[in-house]
Amino acid sequence: MLESSLEFLKCVNCGSKLELDSFKQDKEIVEGILECPKCHGQYPIIEKIPIMWNNFSLYLSSRKKLGGKLYQLIENLKLKTFCKSSLSNTSQTHEDRTALEERWSLIYQNSKSSKFYSEIQKNLNSLQKSNLVLEYGCSIGIMTSFLAKSNKMVFGVDRSFSALRIAKKLSKNNLDYVVADFLSPIFGKLQFDLVLALNVLELVEPTEFLKHVSKQISTGYFVISDPYDFDRGINSVKKPLDEKLLRMNLQNLDFKITPETKTSSHMSWILKLNPRATLNYDVDLVIAKR
């Protein structure tokens with residue numbers, strides 16, 4: 001974690017400023033704990049990545065294999081004890097997302113050359129440069145690393161530690177990543193000039209997510225794309241959106257849709273699942289402005 005990121009992050013539970021207890025540091029904070037002096041919330045920094053979950057045990061409950069791996073990675077005794085204690089307090093669950101998140105991290109690595117990303121980059125190049133940029137669902141950092149080339153400060157948020165560990169291999173002094181839930185207020189009332197959310201609506205309740213993002217943009221752009229693939233069984237969102245409802249919701253939140261994206265589009269997004277199989281989505285792109 002960049003030490004400068006401390007001024008942007010807030011306690012998930014109460015919104016207060018956080019204090020840093022750094023255990024290992026080079027150009028960045030490699031190991032440490034972010035602590036809230038008000039409600040005493042604690043958020044570990046492991047392998048340069050802050051995990052801003054309101055309950056670290058809850059995060060590990062569906063990632064116990066990851067928890068074991070993190071425990072092995074940690075060098076500092078205090079942080080190691082914190083991780084062990086959190087693991088011992090995890091709840092019982094039938095789901096362990098570790099292997100799934102590792103697999104998708106590999107899929108995104110193998111799909112970096114998809115034309116979809118270059119098309120999105122062309123659209124982003126047409127927008128004015130920003131001081132503060134945020135991407136939800138940044139995964140391995142394909143777009144955040146691109147945005148960091150021309151914008152002042154860029155943050156990427158994802159739930160997958162495995163993906164962000166890959167993203168963190170590219171070190172820049174204006175680019176940082178945070179493990180967090182998409183609806184979590186990790187930035188408090190901070191306003192962004194550009195928020196990016198590519199193909200994430202099946203991972204979070206769409207209407208709630210749009211409301212959350214709308215509070216983070218007073219003047220700026222919201223770039224969102226999706227294939228509207230909501231068939232996730234028991235994990236499906238309760239209120240899915242289509243291309244018309246997405247635009248309608250954005251307009252109801254006082255966003256103006258750019259003329260180029262007022263009608264639905266069909267951008268090809270090809271994901272290489274393995275050497276013999278690919279997944280091809282038709283993705284709709286919306287650029288909204290305030």
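Values in this text are rule-based calculations from the coordinates and carry no lab data. Please read all numbers here as calculations on a predicted model, not as lab measurements. All Cβ positions, glycine included, derive from the backbone under ideal geometry; neighbour counts span all protein chains shown.
Numbers at a glance
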{"read-out": "Whole-angstrom gap from the stretch 1-23 to the stretch 188-219, using each part's C-alpha centre", "value": "21"}
{"read-out": "Exposure proxy order (Cβ contacts within 10 Å, fewest to most) of ILE107, ILE224, ILE287", "value": "ILE107, ILE287, ILE224"}
{"read-out": "Computed E for SER57/GLU19 - FRET, C-beta separation, R0 22 angstrom, nearest 0.05", "value": "0.55"}
{"read-out": "Neighbour-count ranking [beta-carbon atoms within 10 angstrom, fewest first] of ASP229, ASP284", "value": "ASP229, ASP284"}
{"read-out": "Cleavage-rule hits, chymotrypsin sites (Phe, Trp or Tyr not before Pro), the stretch 24-96, DSSP coil, Cβ neighbours within 10 Å at most 12", "value": "none"}
{"read-out": "Stokes-Einstein D for the stretch 3-96, Kirkwood Rh over Cα pairs, 10 °C, 1.306 mPa s (µm²/s)", "value": "117"}
{"read-out": "Straight-distance crosslink candidates among lysines, where the alpha carbon sits under 26 Å from LYS262 and sequence neighbours closer than 8 are dropped", "value": "LYS115, LYS122, LYS129, LYS211, LYS215, LYS238, LYS239, LYS244, LYS289"}
{"read-out": "Average Cα contact separation per residue, the chain, under 8 Å, 6 or more apart, as relative contact order %", "value": "15"}
